[in-house]
2 protein chains.
Amino acid sequence: MATNLPEACGLGPAFRVINGKWKGTILWLCRKQPRRPGELRRLIPDVSEKMLIQHLREMVADGLLDRHDFGEIPPRVAYSVTDLGRELDDVLTPLAHWGLKHAARLTRDHPMSLVKA
Amino acid sequence: MATNLPEACGLGPAFRVINGKWKGTILWLCRKQPRRPGELRRLIPDVSEKMLIQHLREMVADGLLDRHDFGEIPPRVAYSVTDLGRELDDVLTPLAHWGLKHAARLTRDHPMSLVKA
DNA sequence: GCAAGTACCTACTATTTTGTAGGTGTCAAA
DNA sequence: TTTGACACCTACAAAATAGTAGGTACTTGC
């Protein structure tokens with residue numbers, strides 16, 4: 001067995017699409033209803049506009065989100081989750097619960113946890 | 001609500017402990033039985049020794065793994081999953097299944113997917 | 001004696017990800 | 001007419017993560 005384990009067990013592909021500082025949050029927010037970029041920016045105060053749009057584009061490319069362009073001017077678009085994205089969100093939920101349940105003991109010093117709310 | 005969503009929903013803490021190129025794989029391999037570092041190196045051909053040990057240490061610090069030192073010379077240690085690690089592995093399994101199921105359509109060009117097996 | 005194995009460690013480099021600061025064009029309200 | 005909002009875009013800089021190449025101390029087998 002010389003194959004690479006993360007790929008073989010499925011965690012590789014899964015992490016590739018969901019790794020991104022805000023992708024989980026975006027998925028979660030878009031699940032309830034289609035969201036416009038400006039709306040997401042206001043809901044996630046710490047996200048930069050660049051990262052938001054970059055994440056959205058990648059998630060569309062990965063088939064997690066659909067981008068609907070209303071063709072209006074000024075521009076109006078909305079992102080909604082696809083079936084694939086919904087499935088991912090479903091399996092992510094238990095992970096989020098785990099994280100929440102044990103958040104207290106997971107406060108080791110990780111560089112990126114210094115996001116002061 | 002000015003709090004930061006990834007933290008609030010639990011995905012923040014969860015990703016912080018499991019993000020690391022090989023952590024999921026390590027968890028999975030150590031679940032079945034305690035593993036020695038050298039054993040893991042052979043099971044995961046692509047991991048560098050530095051990353052392996054770094055990951056192991058972080059996972060111990062996060063309470064996912066236990067490090068047992070046999071106090072022998074030459075050195076012998078073994079890593080086994082804790083209850084917390086087992087819980088995490090449980091919620092990671094559905095995510096891995098999702099990744100496996102949809103691996104084919106998730107072959108977009110991500111930089112780190114160029115790990116030639 | 002010398003090479004190889006054990007489980008690490010450190011310095012340095014390269015890659016990847018994220019942040020900052022600016023720009024586009026159109027429109028509506030002040 | 002200036003300002004702001006909309007949904008992007010780009011170049012550049014910073015930070016985080018991973019890889020490379022070396023070293024430690026000890027022991028066993030050749």
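The values are calculated or read from the model by the stated rules, or taken from the named source; none is laboratory data. Computed from a predicted model, the values in this text were never measured in an experiment. Here the Cβ is made from the backbone with ideal geometry for all residues, glycine too, and neighbour counts use every protein chain on show.
Could you check segment B:19-48 and list, in sequence order, the residues that are within 11 Å of the chain's Cα centre (by Cα) and part of a loop (DSSP other than H, G, I, E, B)? Talk me through it step by step, then tell me what you get.
Residues of segment B:19-48 within 11 Å of the chain's Cα centre (by Cα): B:19-31.
If the condition is that a residue be within 11 Å of the chain's Cα centre (by Cα) and part of a loop (DSSP other than H, G, I, E, B), then B:N19, B:G20, B:K21, B:W22 are the ones that fit.
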Report summary line: With criteria (1) in a helix (DSSP H, G or I); (2) at the interface with chain B (Cβ under 10 Å from one of its Cβ atoms); (3) within 15 Å of the chain's Cα centre (by Cα), A:M51 comes up short on (2)
Query - The lone exception for B:H110 - which of (1) facing another protein chain (nearest Cβ under 8 Å); (2) within 12 Å of DNA strand C (Cβ to nearest atom); (3) within 21 Å of B:A14 (Cα to Cα) it fails - result: (3)
Query raised in the report: With respect to the numbered conditions (1) in contact with a strand residue (DSSP E or B) (Cβ under 7 Å, 6 or more places away or on another chain); (2) more than 16 Å from DNA strand D (Cβ to nearest atom); (3) not aliphatic (A, V, I, L, M), which one is the sole condition not fulfilled by B:E87?
Result: (1)
**Report entry** Residues satisfying the stated conditions in segment B:72-91, i.e. assigned to a helix (DSSP H, G or I) and more than 7 Å from chain A (Cβ to nearest Cβ)
**Finding:** B:D83, B:G85, B:R86, B:D89, B:D90
Query raised in the report: Taking A:N19 and the conditions (1) under 30 Å from B:L43 (Cβ atoms); (2) more than 12 Å from DNA strand C (Cβ to nearest atom); (3) surrounded by fewer than 17 Cβ atoms within 10 Å (Cβ to Cβ), which numbered condition does it fall short on, given that it satisfies the others?
Result: (2)
Report summary line: Residue hits (segment B:17-32; facing chain A (nearest Cβ under 7 Å) and under 12 Å from A:N19 (Cβ atoms)) are B:N19, B:G24
Query raised in the report: Could you give every pair whose Cβ atoms fall below 7 Å, whose first residue belongs to segment B:52-67 and is under 12 Å from B:R36 (Cα atoms), and whose second residue is basic (K, R), counting only separations of at least 6 or pairs across chains?
Result: B:L52/B:R41
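Take A:H102 and decide whether it is closer than 29 Å to B:L27 by Cβ, free of Cβ contacts under 8 Å to residues at least 40 places away in the same chain and within 12 Å of DNA strand C (Cβ to nearest atom).
Numbers: closer than 29 Å to B:L27 by Cβ: yes; free of Cβ contacts under 8 Å to residues at least 40 places away in the same chain: yes; within 12 Å of DNA strand C (Cβ to nearest atom): no.
Answer is no for this residue.
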Query raised in the report: Which is of a type in the set (S, T, N, Q) and surrounded by 13 or more Cβ atoms within 10 Å (Cβ to Cβ), of A:Q54, A:Q33?
Result: A:Q54
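Counting just the residues of segment A:1-12 that are of a type outside the set (A, V, I, L, M, F, W, C) and either closer than 22 Å to B:G12 by Cβ or at pLDDT 95 or above (or both), which one comes out surrounded by the fewest Cβ atoms within 10 Å (Cβ to Cβ)?
Keep residues of segment A:1-12 that are of a type outside the set (A, V, I, L, M, F, W, C), which gives A:3-4, A:6-7, A:10, A:12.
Pick out the ones that are also either closer than 22 Å to B:G12 by Cβ or at pLDDT 95 or above (or both) and you get A:6, A:12.
Working: A:P6: 26, A:G12: 24.
Result: A:G12.
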Report summary line: Going through (1) more than 15 Å from DNA strand D (Cβ to nearest atom); (2) within 21 Å of B:L88 (Cα to Cα); (3) among the basic types (K, R) one by one, A:R108 fails only at (1)
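Go through segment A:36-45 and give me each residue that's at the interface with chain B (Cβ under 7 Å from one of its Cβ atoms) and buried (at least 17 other Cβ atoms within 10 Å of the Cβ). Step through it out loud before you land on a result.
Step one: of segment A:36-45, the residues at the interface with chain B (Cβ under 7 Å from one of its Cβ atoms) are A:44-45.
Residue satisfying the conditions is A:I44 alone.
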Report summary line: Exactly one of A:A96, A:A61, A:A103, A:A14 is under 27 Å from B:V47 (Cα atoms) and within 7 Å of another protein chain (Cβ to nearest Cβ), and that residue is A:A14
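Considering each of A:R67, A:R108, A:R16 in turn, give the residue that is assigned to a helix (DSSP H, G or I) and among the basic types (K, R). Break it down into steps so the answer makes sense when it comes.
On the way: A:R67 fails: assigned to a helix (DSSP H, G or I); A:R108 fails: assigned to a helix (DSSP H, G or I).
Of the residues listed, the single one that is assigned to a helix (DSSP H, G or I) and among the basic types (K, R) is A:R16.
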